[in-house]
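Only one structure is covered here, and it is reproduced in the block below.
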Amino acid sequence: MIGIIFGPPGSGKGTQAARIETEFRLTHLSTGDILRSEVARGTEIGKEVARVMAAGDLVPDDLIIRIVQRILRDPDGSSDVLIDGFPRTLQQAMALDRMLAEEGHRVDFVIALEVPESALVDRILHRAAVEGRADDTREAIAERMHEYHKLTAAVLDHYRKRGVRVEVVDGVGNVDEVFERIRRAIGISSR
Ligand code: ADP
């Protein structure tokens, strides 16, 4: 089972992904978390991406594609995965489809969380105060929103055209309410 979760910055996608991981026994694969860990550990990749990430821009497609490929090819890894933060561009989506096809797999579902922009900025600035993420400044947030809207629509269209289940879920509400909507979206349509 391969699921993808989309959502603009601050949409609660990471929180919901963690819930989905437990409830549906999918391994949560977050490209944002992986990159932040590379930066924190000061690896070669980390040094390469730190500035791009802090500005809210996307890291190069080939770099993130290589990282995801390495993880998905790991024979010890689970074959049931929820991917969070990838694919963010059409190039990435096509690369993912190719990787999965090599193993006889495909994307089974896509969840797209929707939250109005006004609610997002408040949430992120609150998170910035608590966690201090380098890219949670007003400028970087605006850039990440812009990237998200510009590129994600194309990725969702790509999957719709290929007949993949794309579920748009209202992300306004508390964690439990939103999770319940996701559970229903995944559950009902798979029957
Ligand atoms: P958010 O959705 O809140 O912006 P993420 O944790 O998903 O946060 O990503 C944080 C940053 O990591 C992005 O702004 C980008 O710089 C980088 N990143 C993560 N995933 C990708 C990806 N698939 N392609 C390019 N850059 C990525």
Legend entry - Filter result for the condition that a residue is touching a helix residue (DSSP H, G or I) at 6+ places or on another chain (Cβ under 6 Å) and farther than 23 Å from Val81 by Cβ, over Ala54, Ala50: Ala50
Inset, instruction - Please indicate, with yes or no, whether at least one residue in segment 68-85 is open to solvent by 70 Å² or more (accessible area, probe 1.4 Å), over 22 Å from Arg25 (Cα atoms) and of a type in the set (D, E, K, R). - result: no
Legend entry - Selection count where residues are at positive phi and either surrounded by 19 or more Cβ atoms within 10 Å (Cβ to Cβ) or modelled with pLDDT under 95 (or both), scope segment 37-67: 1
Legend entry - Arg98 within 14 Å of the ligand (Cβ to nearest atom), closer than 24 Å to Ile45 by Cβ and modelled with pLDDT of 95 or more: no
Inset, instruction - Answer yes or no: is there a residue in segment 54-62 that is within 12 Å of the ligand (Cβ to nearest atom), farther than 26 Å from Arg183 by Cβ and without any contact (Cβ under 8 Å) to a residue 24 or more places away in the chain. - result: yes
Inset, instruction - Scan segment 18-26 and give yes if some residue there is open to solvent by less than 40 Å² (accessible area, probe 1.4 Å), within 12 Å of the ligand (Cβ to nearest atom), modelled with pLDDT under 95 and not acidic (Asp, Glu), otherwise no. - result: no
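The values are calculated or read from the model by the stated rules, or taken from the named source; none is laboratory data. All values derive from a computational prediction rather than experimental measurement. Quick reminder, even Gly has a Cβ in these numbers, built from the backbone with ideal geometry, and neighbours come from all protein chains shown. The protein model used for the area step is the full one, side chains on, heavy atoms only, and it has no ligands, DNA or RNA in it. Shrake-Rupley method; radii C 1.70, N 1.55, O 1.52, S 1.80 Å.
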